[in-house]
Amino acid sequence: MPEQPLIHARALVKRFGDFTAVDGIDLDVAPGEAFGFLGPNGAGKSSTMRMISCVSMPTSGELRILGMDPVREGPKIRARLGVCPQLDNLDPDLSVRENLTTYARYFGLSKAESRRRADELLEFAQLQDKAGSQVEPLSGGMKRRLTIARSLVNEPDLVLLDEPTTGLDPQARHLLWERLFRLKQRGTTLVLTTHYMDEAEQLCDRLVVMDGGRIVAEGSPRSLIQTYSTPEVVELRFADGVDYAGKLEGIGRVDPLPDRILLYADDGDAAVSEVHRRGLTPSSVLVRRSSLEDVFLQLTGRTLVD
Amino acid sequence: MISTMVAARVSPSRVGAVMNRNVGALRSGPSYWLVLLSGFFEPVLYLLSIGIGVGALVGDLTLPSGRVVEYAVFVAPAMLAVSAMSGALSETTFNFFFKMKYSKTFDAILATPVKPFEIALGELAWAMVRSSVYTIAFLMVMVALGLTSPGWALAALPATLLVGLAFGGVGMAISTLMRGWQDFDMLTTGQFALFLFSGTFSPVQDYPVAMEIVVWLTPLYHAVELVRGLAIGELSWGLLGNAAYLLVMMALGLTFAARRIQRTLCV
């Protein structure tokens, strides 16, 4: 018998008045998986996450978290979840350390146990030096690490991260990824939302692409790229604003964007040679590996980050 | 009330954790302590200026029972009820609203096993700490000034707790309806009107009948009646009615606040 999924959803719907945020999605997340929701803002990722975290109730459809019903057993489920919301909601009246110890108490942990876990997590989040500081002066990356540390205070079976690195600089993002990767290696099940394809590629074993409240594709990052894109992509820019899309026909699938033209090819260099052979002179040429961004563009006709 | 609590399976440790958060916040800086201190002095200053100052001009006052007391003896229990009210309200309005709307403290708590009703209970319990600090200090002032006896002061203490619970419950309920800080002006004005016209400075029996009925419906009147009856030892069956009013007020406030937390934050 296969292992029971930690998250099980069928025809899950969330409506706010007339607006349908989540429009009938099916999901199964297995223990130990790192699962991602990829999509632009407004795709329904956060609404789905809030339902999974048993804070917001589904409008209709079936949802089981850790094998339990969120409507009837919310507190019991939340006791085993770690939630890192999109916007940091750290307590501004408490110190860094107290943010952890106070939070541990909400889970019914003893004072001594709360202190022990706070020390462990301060180390995990590399915030030992800031233990006594208030939250406000911390950098964005530090606040994020503290929020993630806080979500681990109850040693959760399932950690939910809503856009964990949005708004962080590259260095802070890499540090955070490294910490999340460490969690994943320990066997913690991670569910995250992101609109960064590199984040999804780095962290997720499996992901769904969401758009307009629906799941439009599902698979591992590699399999999605193989299915919906070509191994390589050539990005061409032309200085004179003439429509070159027609002149590229036959080289590969052409996708004209406002500022550049994407040319999908099995062999990028060969495609570039062909462009030059046709006498075209782009102002810049970039050959790169295909990414989830291309998958998303192919599926929805839009880019991920506006 | 009790059945609601049992149905909701309230966990004392989770309620305690919500309270514990506020104890932690006390250490955040001196500003909180200043606010705490000023809240205590306000009714004391009224007692001194009006109860004793104006009282010297007013002279003595005859109670419905026929007993004659100094004006300050009449005013002091009202100020005691006011301090219980304002102690509970200051925690459950400004601070509660900030935690609910701006610092997203309750959002963070609701991601844990803690339930909306437990947040409401924990916040109310915390408000009672502040309210009790005010009333105990004020009772000591009253005993020191000879405005009540130690025995009646002890009898009045539970009454002030009930006053705090009632206003704290309603304060939270009101806070969940606030749209922004500007709405608090209305609350402050309402609180001041209650403060002036709840039989605080003059017996309600002296008001025009229509006014007396309006006052009879408002909460601080019942708080003042109950606290005054016990503080000056004028016991009557009417006090039970006052206490019942306050109990219902607390239960409704708590239930409404919990439901609003659920409706607003768990969407």
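Taking the stated definitions as given, is residue A:109 touching a strand residue (DSSP E or B) at 6+ places or on another chain (Cβ under 7 Å) and surrounded by 15 or more Cβ atoms within 10 Å (Cβ to Cβ)? Working first, answer last.
Working: touching a strand residue (DSSP E or B) at 6+ places or on another chain (Cβ under 7 Å): no; surrounded by 15 or more Cβ atoms within 10 Å (Cβ to Cβ): yes.
It is false that residue A:109 is touching a strand residue (DSSP E or B) at 6+ places or on another chain (Cβ under 7 Å) and surrounded by 15 or more Cβ atoms within 10 Å (Cβ to Cβ).
Quick check: anything in the stretch A:109-128 of a type outside the set (Phe, Trp, Tyr), within 11 Å of chain B (Cβ to nearest Cβ) and free of Cβ contacts under 8 Å to residues at least 24 places away in the same chain? Spell out how you get there, then give the answer.
The first filter runs over the stretch A:109-128 and keeps only residues of a type outside the set (Phe, Trp, Tyr), leaving A:109-123, A:125-128.
Narrowing further to those that are within 11 Å of chain B (Cβ to nearest Cβ): A:109-111, A:114.
From what is left, the residues that are free of Cβ contacts under 8 Å to residues at least 24 places away in the same chain are A:110-111.
Scanning the stretch A:109-128 turns up at least one residue that is of a type outside the set (Phe, Trp, Tyr), within 11 Å of chain B (Cβ to nearest Cβ) and free of Cβ contacts under 8 Å to residues at least 24 places away in the same chain.
Between A:38, A:90, A:12, A:63, which is of a type in the set (A, V, I, L, M) and more than 30 Å from residue A:224 (Cα to Cα)? Let's see the steps before the verdict.
On the way: A:38 fails: more than 30 Å from residue A:224 (Cα to Cα); A:12 fails: more than 30 Å from residue A:224 (Cα to Cα); A:63 fails: more than 30 Å from residue A:224 (Cα to Cα).
Just one listed residue meets the conditions, A:90.
Checking the structure you have, find out if any residue of the stretch B:81-97 is farther than 27 Å from residue B:9 by Cα, within 14 Å of chain A (Cβ to nearest Cβ) and among the hydrophobic types (A, V, I, L, M, F, W, C).
Here is the first cut: in the stretch B:81-97, the ones farther than 27 Å from residue B:9 by Cα are B:81-87, B:90, B:94.
Checking the rest, the ones that are also within 14 Å of chain A (Cβ to nearest Cβ) come to B:94.
Okay, now just the ones that are also among the hydrophobic types (A, V, I, L, M, F, W, C), so B:94.
Checked the stretch B:81-97: at least one residue is farther than 27 Å from residue B:9 by Cα, within 14 Å of chain A (Cβ to nearest Cβ) and among the hydrophobic types (A, V, I, L, M, F, W, C).
Read through the list (1) at pLDDT below 95; (2) of a type in the set (Gly, Ala, Ser); (3) touching a helix residue (DSSP H, G or I) at 6+ places or on another chain (Cβ under 6 Å), then give the number of the only condition that residue B:257 fails.
The single condition residue B:257 does not satisfy is (1).
From the list B:103, B:90, B:83, which one is among the small types (Gly, Ala, Ser) and in contact with a Gly (Cβ under 7 Å, 6 or more places away or on another chain)? Please lay out each step first, then the result.
Numbers: B:103 fails: in contact with a Gly (Cβ under 7 Å, 6 or more places away or on another chain); B:83 fails: in contact with a Gly (Cβ under 7 Å, 6 or more places away or on another chain).
Testing whether each residue is among the small types (Gly, Ala, Ser) and in contact with a Gly (Cβ under 7 Å, 6 or more places away or on another chain) leaves just B:90.
Of the numbered conditions (1) hydroxyl-bearing (Ser, Thr, Tyr); (2) more than 19 Å from residue A:105 (Cβ to Cβ); (3) at pLDDT below 95, residue B:149 satisfies every one except a single condition; which is it?
(3)
Within the stretch A:236-248, restricting attention to residues that are in contact with a Ser or Thr (Cβ under 9 Å, 6 or more places away or on another chain) and either without any contact (Cβ under 8 Å) to a residue 24 or more places away in the chain or crowded, with 18+ Cβ neighbours inside 10 Å (or both), which residue is nearest to residue A:20 (Cα to Cα)?
Of the residues in the stretch A:236-248, the ones in contact with a Ser or Thr (Cβ under 9 Å, 6 or more places away or on another chain) are A:236-240.
This time we only want the ones that are either without any contact (Cβ under 8 Å) to a residue 24 or more places away in the chain or crowded, with 18+ Cβ neighbours inside 10 Å (or both), so: A:236, A:240.
On the way: A:236: 38, A:240: 43 Å.
The selected residue is A:236.
Collect the residues in the stretch A:73-102 that are in a helix (DSSP H, G or I), at the interface with chain B (Cβ under 7 Å from one of its Cβ atoms) and farther than 18 Å from residue A:52 by Cβ, keeping them in residue-number order. Spell out how you get there, then give the answer.
Start the filter on the stretch A:73-102 by keeping residues that are in a helix (DSSP H, G or I), which leaves A:73-78, A:96-102.
Filter once more, keeping what is at the interface with chain B (Cβ under 7 Å from one of its Cβ atoms): A:75, A:78, A:98, A:102.
Across the stretch A:73-102, the qualifying residues are A:98, A:102.
Listed residues B:17, B:25; which is over 30 Å from residue B:224 (Cα atoms), within 13 Å of another protein chain (Cβ to nearest Cβ) and modelled with pLDDT of 90 or more? Break it down into steps so the answer makes sense when it comes.
Numbers: B:25 fails: modelled with pLDDT of 90 or more.
From the options B:17, B:25, the qualifying one is B:17.
Against the conditions (1) crowded, with 20+ Cβ neighbours inside 10 Å; (2) more than 27 Å from the chain's Cα centre (by Cα), where does residue A:119 fall short? Just the number, please.
The one condition residue A:119 does not meet is (1).
Within the stretch A:185-200, restricting attention to residues that are in a helix (DSSP H, G or I) and not charged (D, E, K, R), which residue is farthest from residue A:29 (Cα to Cα)? Give the steps one after another, and end with the answer.
Keep residues of the stretch A:185-200 that are in a helix (DSSP H, G or I), which gives A:185, A:197-200.
This time we only want the ones that are not charged (D, E, K, R), so: A:185, A:197, A:200.
On the way: A:185: 17, A:197: 20, A:200: 16 Å.
Here the residue is A:197.
So, restricting to helices (runs of 4 or more DSSP H) that lie completely within the stretch B:102-188, which ones have at least 1 residues that are more than 14 Å from the chain's Cα centre (by Cα), within 14 Å of another protein chain (Cβ to nearest Cβ) and not hydroxyl-bearing (Ser, Thr, Tyr)?
Details: elements: B:105-110, B:116-144, B:150-175.
Correct list: B:105-110, B:116-144.
Looking only at the stretch A:122-138, filter to residues that are among the hydrophobic types (A, V, I, L, M, F, W, C) and in a loop (DSSP other than H, G, I, E, B); which one of those is surrounded by the fewest Cβ atoms within 10 Å (Cβ to Cβ)?
Filtering the stretch A:122-138 for residues among the hydrophobic types (A, V, I, L, M, F, W, C) gives A:122, A:124-125, A:127, A:131, A:135, A:138.
Next, from what is left, pick out any that are in a loop (DSSP other than H, G, I, E, B): A:125, A:127, A:131, A:135, A:138.
Working: A:125: 23, A:127: 20, A:131: 14, A:135: 21, A:138: 18.
Only one residue fits best here, namely A:131.
Given the condition among the acidic types (Asp, Glu), outside any helix (DSSP H, G or I) and surrounded by fewer than 22 Cβ atoms within 10 Å (Cβ to Cβ), answer yes or no: does some residue in the stretch B:54-72 qualify? First the steps, then the outcome.
Of the stretch B:54-72, the ones among the acidic types (Asp, Glu) are B:60, B:70.
If we keep only those that are outside any helix (DSSP H, G or I) as well, we get B:60, B:70.
Next, only the ones that are surrounded by fewer than 22 Cβ atoms within 10 Å (Cβ to Cβ) stay: B:60, B:70.
Checking the stretch B:54-72: at least one residue is among the acidic types (Asp, Glu), outside any helix (DSSP H, G or I) and surrounded by fewer than 22 Cβ atoms within 10 Å (Cβ to Cβ).
Of A:39, A:24, A:17, which residue is farther than 22 Å from residue B:108 by Cα and in contact with a helix residue (DSSP H, G or I) (Cβ under 9 Å, 6 or more places away or on another chain)?
After ruling out the rest, the residue left standing is A:39.
From the list A:195, A:174, pick out the single residue that is free of Cβ contacts under 8 Å to residues at least 12 places away in the same chain and either on the phi > 0 side of the Ramachandran plot or in the same structural domain as residue A:88 (by TED's automatic domain parsing) (or both). First the steps, then the outcome.
Working: A:195 fails: free of Cβ contacts under 8 Å to residues at least 12 places away in the same chain.
Result of the check over A:195, A:174: A:174.
Could you list, in sequence order, all residues of the stretch B:96-105 that are crowded, with 24+ Cβ neighbours inside 10 Å and either in contact with a Ser or Thr (Cβ under 9 Å, 6 or more places away or on another chain) or free of Cβ contacts under 8 Å to residues at least 24 places away in the same chain (or both)?
Going residue by residue through the stretch B:96-105, those that are crowded, with 24+ Cβ neighbours inside 10 Å are B:96, B:99, B:105.
Matches in the stretch B:96-105: B:96, B:99.
Against the definition (touching a helix residue (DSSP H, G or I) at 6+ places or on another chain (Cβ under 6 Å) and modelled with pLDDT under 95), how does residue A:89 come out, yes or no?
Against the criterion (touching a helix residue (DSSP H, G or I) at 6+ places or on another chain (Cβ under 6 Å) and modelled with pLDDT under 95), residue A:89 qualifies.
With touching a residue at least 24 places away in the same chain (Cβ under 8 Å), of a type outside the set (Lys, Arg) and part of a helix (DSSP H, G or I) as the only criterion, which of A:215, A:251, A:225 stands out? Show your work before the answer.
Values: A:215 fails: part of a helix (DSSP H, G or I); A:251 fails: part of a helix (DSSP H, G or I).
Exactly one residue qualifies, and that residue is A:225.
Determine if the stretch B:176-199 includes at least one residue that is farther than 26 Å from residue B:44 by Cβ and buried (at least 16 other Cβ atoms within 10 Å of the Cβ). Talk me through it step by step, then tell me what you get.
Going through the stretch B:176-199, the residues farther than 26 Å from residue B:44 by Cβ turn out to be B:176-183, B:186.
From what is left, the residues that are buried (at least 16 other Cβ atoms within 10 Å of the Cβ) are B:176, B:178.
Taking every residue of the stretch B:176-199 in turn, at least one turns out to be farther than 26 Å from residue B:44 by Cβ and buried (at least 16 other Cβ atoms within 10 Å of the Cβ).
Please determine whether any residue of the stretch B:35-42 is aliphatic (A, V, I, L, M), surrounded by fewer than 15 Cβ atoms within 10 Å (Cβ to Cβ), free of Cβ contacts under 8 Å to residues at least 40 places away in the same chain and outside any helix (DSSP H, G or I). Walk me through it before giving the result.
Looking only at the stretch B:35-42, we keep the residues that are aliphatic (A, V, I, L, M), and these are B:35-37.
Cutting the leftovers down to surrounded by fewer than 15 Cβ atoms within 10 Å (Cβ to Cβ) gives us B:35, B:37.
Adding the requirement that they be free of Cβ contacts under 8 Å to residues at least 40 places away in the same chain leaves B:37.
Still in the running and outside any helix (DSSP H, G or I): none.
No, the conditions are met nowhere in the stretch B:35-42.
Applying the selection to the stretch A:261-272, what residues are crowded, with 16+ Cβ neighbours inside 10 Å and part of a loop (DSSP other than H, G, I, E, B)?
Initial filter on the stretch A:261-272 (crowded, with 16+ Cβ neighbours inside 10 Å): A:261-265, A:268, A:271-272.
Selection gives nothing.
The values are calculated or read from the model by the stated rules, or taken from the named source; none is laboratory data. Every value quoted in this text rests on a predicted model; they were computed, and no experiment measured them. Quick reminder, even Gly has a Cβ in these numbers, built from the backbone with ideal geometry, and neighbours come from all protein chains shown.
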